[in-house]
Each structure stands twice: as C-alpha cells, then as structure tokens.
Amino acid sequence: MRLRSALGSAFALTFVCLNAAHASGFALSELSIAGLSEADALVANTSTLGALAYNPAAMAFHKGGYDLGLLGIDDHTEVTPTGGGTVVATTPTWETVPDLFWADKVAPHTRFGFGVNTPYGMQISWPAQTFPELAQGAGAALAPTYTELRLFDVSPSVSYRFGAVAIDLGADYYDAHRTVIGTPTTTVSGSGDQVGGHIGILAKLGSIGLGANYRSATNVPLDGTLSTTGAAPVPINATLHLPWQLALGVHDALSQRIGVEFDFDRTGWSRFTNIAVTPAAAAGGGPSLITSTYDWQSANAYRVGFHYALSRHVRLRAGYAYDQTGAGNGHYSARIPDANRQIFSFGASQKLGHWSLSAGYMYVHFDTRTYASTTPLTTTDPNGTTAYNGTYKSHAQLFGISISRTFS
C-alpha cells in the first residue's frame with residue numbers, strides 16, 4: 001500500500017503540474033523543499049528525509065518514509081541587445097515542479113527507495129524582433145523565438161549499511177517528453193527516453209557525516225519532426241547530451257540544536273557540445289539539417305547549509321551557494337542565457353508526530369553578463385556571433401512546500 005500510494009501521488013503531480021524549469025543552465029538542483037531551504041547542501045545529511053533525493057545512501061540511516069513536495073518558480077530574464085532596446089523574455093508566470101522520494105526497509109541493513117523529480121528543464125521565448133541582426137534579411141529565419149525542455153527522472157535505488165557506512169546503487173530513467181526549438185519559420189519538436197545510473201556513499205562518524213554521490217552522463221535520443229512554413233513536416237532525430245554530476249559533502253552536528261554542511265558539486269557540462277538535427281531513416285537519412293553549437297565547460301558549485309532546532313518540533317534552515325555557469329563565450333546563446341549566480345535560501349519545518357510540514361524560499365541572483373563577440377553572423381548558427389551581443393540580466397524566486405512522513 002505504501003508503494004502504490006506514493007507512486008500514485010508522484011505521477012499525478014508530474015503529469016498535472018509539470019512545467020519547464022529555468023535554473024543553472026537547464027539543470028534544476030532543487031530536489032526537495034529541505035534542500036531548497038539549505039541551498040541544496042544535503043549530500044552528507046543522515047537525519048533529514050529531504051536529503052534522500054540528494055544522496056540515496058542516506059536511506060540506510062532511516063527506518064523509511066517519504067517526502068512529497070511542490071516547487072513554484074517565478075523567473076525574469078531580459079536583454080539589452082547592442083543597437084536595440086531592453087526586451088524581457090516571455091516565460092511562464094508560474095512554473096510548478098513536483099518532487100517525491102519514498103524509502104522503506106526490505107532487510108535489517110537494506111533499504112529500497114525511489115525518487116521522482118525534474119532535474120532538467122527550461123522554457124523561454126524571445127520576440128522575433130529582439131536581436132537586430134536577426135530581425136531582417138536571411139538572419140530573420142534564425143531568431144530564437146522559442147526554446148523548451150520538459151524532462152523528469154524516476155530513480156529507483158538500493159542502499160546497504162555496513163556499520164557507520166552506507167552505499168547506494170540505482171538507476172535514473174529520464175523521460176524528455178517535450179523538447180522544442182523554434183524560429184519564426186521553423187519548429188523542431190521531439191521526445192525520447194534513456195536510462196542512466198547513480199552511486200553514492202555516506203559515512204556517519206560521530207557528529208560528522210561524509211557523503212558523495214555520482215550520477216552518470218546520459219545521451220537521450222530524441223525522435224520528432226521538423227516543420228517549416230510552406231513545407232511538409234520531416235521526421236528527424238537528435239540527441240540530448242545530459243551531463244554527469246558529482247557531489248561531495250561534509251556535515252557537522254555542532255550541537256544537539258545546530259548543524260552545518262559544506263558541499264562541492266561539479267557538473268560535466270563539457271558533454272553539452274551541440275544539438276544536431278538529422279533526417280530520420282523514414283525520411284531517407286542524410287547530413288544534419290540544423291546544428292546548434294554550445295561547447296559548454298564543466299562547472300563547479302559551492303554550497304553551505306545550516307539548520308537550527310528552535311524546539312523539539314520546529315527546525316529552521318538557511319543556505320548560500322555560488323554556482324558557476326558552464327556557458328562560455330565561444331558559443332554563447334540567447335536560447336540558454338546563463339551566467340554565474342549566487343543563491344540565498346531559508347525555510348522551516350514543523351514536526352507533527354510521524355508527520356512533518358516544510359516550507360522554503362530561494363532567491364537566485366544571476367551575474368549581469370555583457371556579451372561582446374567579434375565573430376560575424378555568416379553561418380546558419382547564430383551562437384557565439386555578434387547577433388547575440390548585448391547585456392543579459394536574470395533573477396529567479398523559488399517557493400516550496402512539502403509533507404513528509406517517517407515509517408515506524
């Protein structure tokens with residue numbers, strides 16, 4: 001009954017509430033509301049159910065339980081192109097993203113669990129006249145009018161504890177159920193799925209917790225269509241290159257009331273080289289129809305999280321992170337106008353017997369990024385050219401609530 005109920009809740013939320021998300025690149029690091037409240041610094045935490053999504057090895061330190069949350073995102077992106085006025089990108093007024101992690105005991109030292117969350121996603125639109133070089137002539141067909149990615153992850157895991165140390169092995173089933181790249185004359189849309197894996201370790205040595213979690217890189221094959229004004233749709237193939245992720249953390253319970261954690265994350269964005277759209281076999285195959293080059297670089301994030309037990313039933317949380325972008329200057333694109341960012345967050349939880357209610361808030365400040373390429377627009381790919389020259393500004397606010405229950 002526990003598994004059936006948790007699965008039902010997760011998929012109901014996923015398909016009813018899921019919208020695209022805009023965060024670090026096209027990654028969304030917030031996997032629980034406790035994590036949201038502590039700037040996602042939870043990879044070495046053995047006591048909080050909301051930490052299980054960040055490092056499932058922590059399941060072995062719990063009898064079992066589930067954490068079900070809903071995250072709301074409000075973001076703002078604008079550009080002042082060279083030679084033009086300020087334009088605000090169109091994004092959903094509110095984006096809602098669910099998350100769930102469920103775990104239960106299957107043997108004295110063994111736990112099985114699974115998570116459902118949205119680790120990647122984005123949605124952004126620019127008016128066709130935003131960038132002067134892409135507003136007329138041959139360049140008008142390249143304007144980045146619409147970009148969308150909707151992807152969710154179902155991740156089953158098994159955790160086993162050896163005394164003070166627990167290890168975890170699991171899979172990640174990624175479903176990119178909607179991917180769209182649009183210009184004024186062309187729309188490419190596709191979907192696909194693929195399986196990756198993750199491994200984690202967590203040690204509790206007195207008041208100190210040491211944790212590590214690694215998620216593999218994954219290539220998600222996409223099947224879809226290319227639709228051009230005045231022409232019949234063409235079946236196409238493409239590949240979405242998802243990065244590997246490594247998280248390392250140390251948690252210190254300074255006292256019975258106070259705990260602090262420091263995390264280091266590295267994301268393998270260097271795998272995100274390009275998106276090449278080719279004719280499918282049904283269309284006769286052949287060379288690439290569209291190639292968008294990105295050539296991102298792997299990037300780091302540095303996180304610190306705090307929690308304070310105000311009483312036996314109330315816990316306060318706060319966090320800070322500095323998250324580097326993987327988007328370099330060589331092939332910068334307004335489709336994913338990313339920059340280094342600072343993250344500030346806080347939240348609280350109220351315990352009610354086996355139940356707990358949590359709420360959190362996060363503010364993401366993106367560094368202002370002025371892009372000044374000297375590469376002229378001479379190809380069919382505007383990335384990294386003078387077409388995207390300008391000053392980009394972004395910020396986001398995230399709000400979340402969750403309900404948790406521990407199993408006895």
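Mind putting a number on the dipole of the chain about its Cα centre? Charges go on the C-beta only, +1 for Lys and Arg and -1 for Asp and Glu, and I need it in Debye to the nearest 20.
1220 debye
Give the residues of region 261-298 whose amide nitrogen is closer than 15 Å to a point set 7 Å from the Cα of Thr225 in the direction of its Cβ.
In region 261-298, the label zone of Thr225 (backbone N under 15 Å from the point 7 Å along Cα→Cβ) covers 280, 282-283.
Name the residue farthest towards the positive end of the dipole of region 147-240 from the options Pro156, Ala166, Ile236, assuming +1 on Cβ of Lys and Arg, -1 on Cβ of Asp and Glu, about the Cα centre.
Ala166
May I ask you to compute the full-extension gain from Leu205 to Ala107, defined as 0.36 nm times their residue separation minus their alpha-carbon distance, rounded to one decimal in nm?
So the extension gain works out to 33.0 nm.
Please give the FRET efficiency for Val165 paired with Gln397, using the beta carbon to beta carbon distance and R0 = 60 Å, rounded to the nearest 0.05. Walk me through the numbers before you get to the answer.
Values: r = 39 Å, r/R0 = 0.64.
Computed FRET efficiency for Val165 and Gln397: 0.95.
Given the DSSP H assignment, sum -39500 (n - 2.57) over each helix run of at least 4 residues in the chain and divide by its residue total; what's the result at 222 nm in deg cm²/dmol, nearest 500? Don't skip to the answer; put the middle values down first.
On the way: 2 runs with 21 residues, N = 408.
Roughly -1500 deg cm²/dmol at 222 nm, from the helical runs in the chain.
Mind listing the phi-derived Karplus ³J(HN,Hα) values for region 260-267, rounded to whole Hz, using 6.51, -1.76 and 1.60 with θ = phi - 60°, and x for any glycine or proline?
With the stated coefficients, region 260-267 comes to 9, 9, 10, 10, 10, 10, 10, 10 Hz.
May I ask which residue of Ile275, Tyr308, Gln297 lies farthest towards the positive end of the charge dipole of region 257-313, with charges of +1 (Lys, Arg) and -1 (Asp, Glu) on Cβ and the Cα centre as origin?
Value computed over the given set: Tyr308.
Report the charge-dipole magnitude of region 202-356 in Debye, nearest 20, computed about the Cα centre from +1 at each Lys and Arg Cβ and -1 at each Asp and Glu Cβ. Write down the numbers at each step before the final one.
Values: 12 positive and 8 negative charges, 135 e Å.
Result for region 202-356 is approximately 640 debye, rounded to the nearest 20.
Assuming 0.36 nm per residue, please report the length gained on full extension of the stretch Thr406 to Tyr320 beyond their Cα-Cα distance.
Between Thr406 and Tyr320, full extension yields 28.2 nm more.
Given a Förster distance of 51 angstrom, what is the FRET efficiency for Thr273 paired with Ser311, based on the Cβ-Cβ distance and rounded to 0.05?
That pair, Thr273 with Ser311, gives E of 0.50.
Given a Förster distance of 60 angstrom, what is the FRET efficiency for Tyr302 paired with Ala281, based on the Cβ-Cβ distance and rounded to 0.05? It would help to have the intermediate numbers written out before the result.
Working: r = 46 Å, r/R0 = 0.76.
The computed FRET efficiency comes out at 0.85.
So, with +1 on the Cβ of K and R and -1 on the Cβ of D and E, and no other charges, what is the size of the charge dipole of region 301-408 about its Cα centre, to the nearest 20 debye?
The dipole of region 301-408 has a size of about 620 debye.
In region 207-248, whose amide N lies under 11 Å from the spot 7 Å out along Cα-to-Cβ of Val195? List them in ranges.
Taking a point 7 Å out along Cα→Cβ of Val195, no residue of region 207-248 has its backbone N under 11 Å.
All of the numbers you see were taken from the coordinates with simple rules; none came from a lab. Owing to the predicted nature of the structure, the values given are computational and were not obtained by experimental measurement. Note: ideal-geometry Cβ built from the backbone for every residue, glycine included; neighbour counts use all protein chains shown.
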